[in-house]
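K.L.:
Following this message is one structure expressed as structure tokens.
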Amino acid sequence: PLGIADRSFSTIKTHTAHKTYNVSLPWIFLVTIDRKRIGQLLLNKALTQGSEVKTNACVKEIFPGYVTINNQKVEYKYLIGADGSLSVTRQYLGLKTTKVGVTFQYKVRREHNDFELFLDAQTFGSGLGWIVPHRGYTLIGLGQEIRETKGKNLKETCYQWCRQMRIDISDGRAEAGTINYDYRGWDFGNIFLVGDAGGFASGLTGEGIYNAMVSGREAARKIIDPHYSCPHIRQILKKKRNHERFLALMQMNERLPDIYYITLLSLTRSQRLSRKIMDFLF
């Protein structure tokens, strides 16, 4: 719901190594949302609909029909693994994870006016840098495919990039994470994988929250009705495949990301093409 959005944008300021493009549409097409706020919203919805929520309940092991939590056996009829990129549920199912993005960012205690993306193959490979404004704070960081980091220290890369761009991160709190985009299925009978646990994130943009929300809802509907065909899963997987075909093309040569991004951005002078590009990306 847009009522919980922090900030709304109709323009993305996008920087390449040589030029800045303002990608705009006549309407808002991008919002930022605080991760804790959306978690609280989902928690409250679950509680008001009769769910029991346990905290400090880390699942250590999974077995057919039950899990162990704090050395106690907890039985399940259905199990939904919504446990992120390092999913215990995914490991139990024996699924490999080779397509992984890594991120490093600073959370600074001030607001920034513009939503900005930075595309420069020399610094980010096929990844990107970002300045993402929220309400009362801003996220400033970068992300890369783990195979492209080539042993680089991502924290040092981020620090040097911010210094070069004269971005003040002196009051920033460092954060890091992984993004699993290695989709290998999500419906395993009475066990489901959703969000990053299922590899639903985009390998191109790193976006994962929307796909996590959709896959979680689809899992619930599938449990309620085993004949449900899950059309929304098919939609997000189609976009994800298109993203990753584009990503694979860029990774064929270290110079290709700059060429592809500059070509795409040059097309944004046309509002019709801008809309198509935004639809492709988001």
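K.L.:
Of 239, 276, 222, which residue is out of contact with any Ser or Thr (no Cβ under 7 Å at 6 or more places or on another chain) and exposed (fewer than 14 other Cβ atoms within 10 Å of the Cβ)? Write out each step before concluding.
P.N.:
On the way: 239 fails: exposed (fewer than 14 other Cβ atoms within 10 Å of the Cβ); 222 fails: exposed (fewer than 14 other Cβ atoms within 10 Å of the Cβ).
So the residue among 239, 276, 222 that is out of contact with any Ser or Thr (no Cβ under 7 Å at 6 or more places or on another chain) and exposed (fewer than 14 other Cβ atoms within 10 Å of the Cβ) is 276.
K.L.:
Sticking with this structure for a sec: Which residue, of 120, 187, 182, is farther than 25 Å from residue 4 by Cα and at pLDDT below 95? Spell out how you get there, then give the answer.
P.N.:
Working: 187 fails: at pLDDT below 95; 182 fails: at pLDDT below 95.
Just a single option satisfies the conditions, and that option is 120.
K.L.:
Please go through the range 24-37 and give me each residue that is of a type in the set (Val, Ile, Thr) and modelled with pLDDT of 90 or more, ordered by number.
P.N.:
Once the filter is applied, which keeps residues that are of a type in the set (Val, Ile, Thr) and modelled with pLDDT of 90 or more, the range 24-37 yields 31, 32, 33.
K.L.:
A follow-up question, please. Considering only helices (runs of 4 or more DSSP H) fully contained in the range 214-282, which possess at least 2 residues that are under 21 Å from residue 116 (Cα atoms) and touching a strand residue (DSSP E or B) at 6+ places or on another chain (Cβ under 9 Å)? Explain how you work it out, then say what you get.
P.N.:
Working: elements: 231-250, 256-266, 271-281.
Hits in the range 214-282: 256-266, 271-281.
K.L.:
The conditions are (1) out of contact with any His (no Cβ under 9 Å at 6 or more places or on another chain); (2) open to solvent by 20 Å² or more (accessible area, probe 1.4 Å), and residue 124 fails exactly one of them. Which is it?
P.N.:
Residue 124 satisfies every listed condition except (2).
K.L.:
For the range 42-58, does any single residue satisfy the condition of being part of a strand (DSSP E or B), open to solvent by less than 100 Å² (accessible area, probe 1.4 Å), in contact (Cβ under 8 Å) with a residue 12 or more places away in the chain and over 25 Å from residue 181 (Cα atoms)? Break it down stepwise before answering.
P.N.:
So in the range 42-58, the residues part of a strand (DSSP E or B) come out as none.
The answer is no; no qualifying residue exists.
K.L.:
For the range 143-183, which residues satisfy the criterion of being buried (at least 16 other Cβ atoms within 10 Å of the Cβ), out of contact with any Phe, Trp or Tyr (no Cβ under 9 Å at 6 or more places or on another chain) and part of a loop (DSSP other than H, G, I, E, B)?
P.N.:
Hit for the range 143-183 is 182, nothing else.
K.L.:
Looking at the range 254-276, I want the residues that are free of Cβ contacts under 8 Å to residues at least 60 places away in the same chain and have a partner that is in a helix (DSSP H, G or I) and open to solvent by 70 Å² or more (accessible area, probe 1.4 Å) with Cβ atoms under 6 Å, at least 6 apart or on another chain. Which pairs are those?
P.N.:
273/267
The values are calculated or read from the model by the stated rules, or taken from the named source; none is laboratory data. All values derive from a computational prediction rather than experimental measurement. As a convention, Cβ positions derive from the backbone with ideal geometry for all residues, glycine included, and neighbour counts pool all protein chains shown. Quick note on the areas: whole protein, heavy atoms, side chains included, nothing else; ligands and nucleic acids left out. Shrake-Rupley method; radii C 1.70, N 1.55, O 1.52, S 1.80 Å.
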